[in-house]
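*Asks:* Before I ask anything, here is the structure I am working with.
Every read-out reported here was derived from the displayed coordinates using simple, explicitly stated rules and does not represent laboratory data. Source: prediction; values computed, not measured. Heads up, the Cβs are rebuilt from the backbone with ideal geometry, glycines too, and the neighbour counts pull from every protein chain shown.
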Amino acid sequence: MSRTSDNKLGCGRGFAMLRIAPALVLSAYVLAAALATPKLPWLGLLAILPVLWSVRVLTPVWACIGGAVWGVSLLGFAQLFDSFNFEITLTNIALVAGAPALYAFLGSVMTRRIGFSPFLLSYGWILVELAIRPLAFRHGLLAGTQENSLLLSLLGRGLGYVSIALVLAFASAWLVEIIVRVRNGQYAVTFSHCIDKSVALIVLRTDRLFARCVPAISRPRAPPALASLHA
């Protein structure tokens, strides 16, 4: 590919990032507001949609930048509400910006190798929740939006706020997949579309691991050759 083509491609990706950036900032504001006044639990589904969209459509580098923009915006908007008392320090900035940035980067890399997987991305989001735990969010990020909801009562008390984050992250990623498919004219969207690739990958890797671990002696052997009758 020529240098001119590379420049055009880079500019195109940059414009894509510019189109997504307002949504990243807005969703960070929505999450900060929802954490301060958790009366609208459905906002939890919108809080990380732009981050997941970045994972879906941007290259790893641009997705990483998008995750950082989202994290810094969240930290800034959190200062508007009395519920957050932590200070803006280098450590806090590194946590809130670095965790989503790394998540978006690795998610984009994975998407380009095995496809967009809501199943795996939702589990990856748990690591983001654990990374920002030192900032003392009461119930984490996504689960904090469900403080007065039935979902927290059913899952949070028994399995912890991480389980709520898992459910909301999966639902958000599934919504991104639905939007992409509808935009591409694929209106028949089923639950299996969102998990087939990831589950198939896990099954394949497990089968390969099992094949390596099974001792050769336990594998069936060919029957011994018959002795010659003229011996």
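*Asks:* Order these peptides, 162-168, 20-26, 101-107, 65-71, by their mean beta-carbon neighbour count within 10 angstrom, highest first.
*Replies:* Result, highest mean Cβ count within 10 Å first: 65-71, 101-107, 162-168, 20-26.
*Asks:* Taking 7 Å along the Cα-to-C-beta vector as the label spot, tell me the I179-W42 distance in nanometres, rounded to one decimal.
*Replies:* So the two model labels end up 1.6 nm from each other.
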